[in-house]
Amino acid sequence: MNTMQTSNPLAEPETKVAPSRWQVTLQAIVHGNGIISLLAVLLAVLVGSIMIAATDEDVQAAAGYFFAQPADTFVAIWDAVAGAYAALFRGAIYNYNADTFAAGIRPLTETLKFATPLIAAGLGVGLAFRAGLFNIGGQGQMLMAAAAAGYVATAMDLPIGLHLVAAIVAGMAAAAIWGGIAGFLKARTGAHEVITTIMLNNIAVYLLAWMLATQGILQAPGSSNPKTAPMAETAQLPQLLGPQYKLHAGFLLALLAVAFTWWLLERSALGFRFRAVGENPAAARVAGIDVGRMYFVVMLIAGALVGIAGVSQVLGTEVSGFSGGIDAGIGFDAITVALLGRSAPLGILGAGLLFGAFKTGGFTMQSAEGIPVEIILVVQSLIVLFIAAPPLVRAMFGLPQPGRPSRRSKRIAAKRRAASKPQASGSDEEKEVSA
């Protein structure tokens, strides 16, 4: 007797009884205590300070006669480290050496501009994390968003207002489709999203290179350079603080994306399904949740969020035309932002602002103090390292490990045992006397 079975194109090829090891590890990193993120940043900054001091010429010179005058070495170390982070503050937050307040806040506007695509892309990566997926396809999703938004902004002639909306929607839709491909393959065939998103990144890089080198698609008319024409003025994101600053309305789009992601995860039924699948796919399946469909939908939404990053780059930051390097490494930096923010929308907002400050202030550190900008990259890498190793951070700061009793609880338990022993012995003696 043949039984009729309904076919679901998004059904998983096999049923797993428990999350895999990488899912358990991802959950431990994403859902860890927020104090670990703060301590990871502190440790990375401390290591960066050591590197700044070790590469400073004055410190090296003073270290040559350390045993004769050790105070000179410590003074040189303080001057090097304090000067570096003071330059970081001037370049990222407020330049207190500027003549006017308008010039003083320029670094803050630059930080917000750099943070805009990091926040949007970090939301896309973090949303996938919450559903148990490792979305490292931010680069490809950004490039496809840039290609679609750039085509609408350069090849189409639409009325003001409608032109900008059409370019934004086209960019987000292209990124959503690109992310949805990985989600569909995960749901339909069980293909690991890490592999598929890496492959999609490479495909997007070469596909964009072909479009930039082809007349009639993205290459500027009459040019042989792999670069687009300038974006039409009707498709550009407006400047928020006037032409003297580079901060554009893409930052507002990023804030709206933060609010939307928070509502989706914390207040919607769909977000509850995402979180349930991320916690335990087997239990979610038993509860009646279509896990394969959730994988597909979450990658669609995650791709659209990353697409905001590509749209803001094309329509706000690089309005004079863009080339193949429009992603500027943001797709991979978004992974760090999502990890530091613990995949929480507000946490990602703070992490994006922090990394935007690092990127903006790093140039001032290099120009004012002669510090290699690569040190900032090392600090960012160390943040990822410490976040991915919570037991290491807990051990360095003496914090209790999850599932193990703390030192205080051990002392309390020992005191209770010591206090209970005399009572027990006394009751035994009373029993012997009565006997």
Looking only at residues in the range 244-293 that are in contact (Cβ under 8 Å) with a residue 40 or more places away in the chain and among the aromatic types (F, W, Y), which one is nearest to A182 (Cα to Cα)?
F274
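Going by what's in this entry, would V277 be described as within 30 Å of M211 (Cα to Cα) and either of a type in the set (D, E) or assigned to a helix (DSSP H, G or I) (or both)? Write out each step before concluding.
Numbers: within 30 Å of M211 (Cα to Cα): no; either of a type in the set (D, E) or assigned to a helix (DSSP H, G or I) (or both): yes.
Taking the combined requirement at face value, the residue does not satisfy it.
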Options R275, R267: the member that is more than 30 Å from A389 (Cα to Cα), open to solvent by 20 Å² or more (accessible area, probe 1.4 Å), of a type in the set (K, R) and modelled with pLDDT of 90 or more:
R267
Condition test on L349, is it open to solvent by 30 Å² or more (accessible area, probe 1.4 Å) and either farther than 24 Å from A232 by Cβ or in contact (Cβ under 8 Å) with a residue 40 or more places away in the chain (or both)?
yes
Of (1) more than 30 Å from L108 (Cα to Cα); (2) of a type in the set (S, T, N, Q); (3) open to solvent by 30 Å² or more (accessible area, probe 1.4 Å); (4) without any contact (Cβ under 8 Å) to a residue 24 or more places away in the chain, Q239 fails just (1)
Can you name the residue in the range 36-55 that is free of Cβ contacts under 8 Å to residues at least 60 places away in the same chain and open to solvent by 40 Å² or more (accessible area, probe 1.4 Å) and, of all such residues, is nearest to the chain's Cα centre (by Cα)?
L38
Anything in the range 314-335 that is open to solvent by 20 Å² or more (accessible area, probe 1.4 Å), part of a helix (DSSP H, G or I) and under 20 Å from I136 (Cα atoms)? List them, or say none.
F332, D333, I335
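The values are calculated or read from the model by the stated rules, or taken from the named source; none is laboratory data. Small disclaimer: the values here were computed from a predicted structure and weren't measured. Note that each Cβ is placed from the backbone with ideal geometry, even for glycine, and that neighbours are counted across all protein chains shown. Note: areas computed on protein heavy atoms with side chains; ligands, DNA, RNA excluded. Shrake-Rupley method; radii C 1.70, N 1.55, O 1.52, S 1.80 Å.
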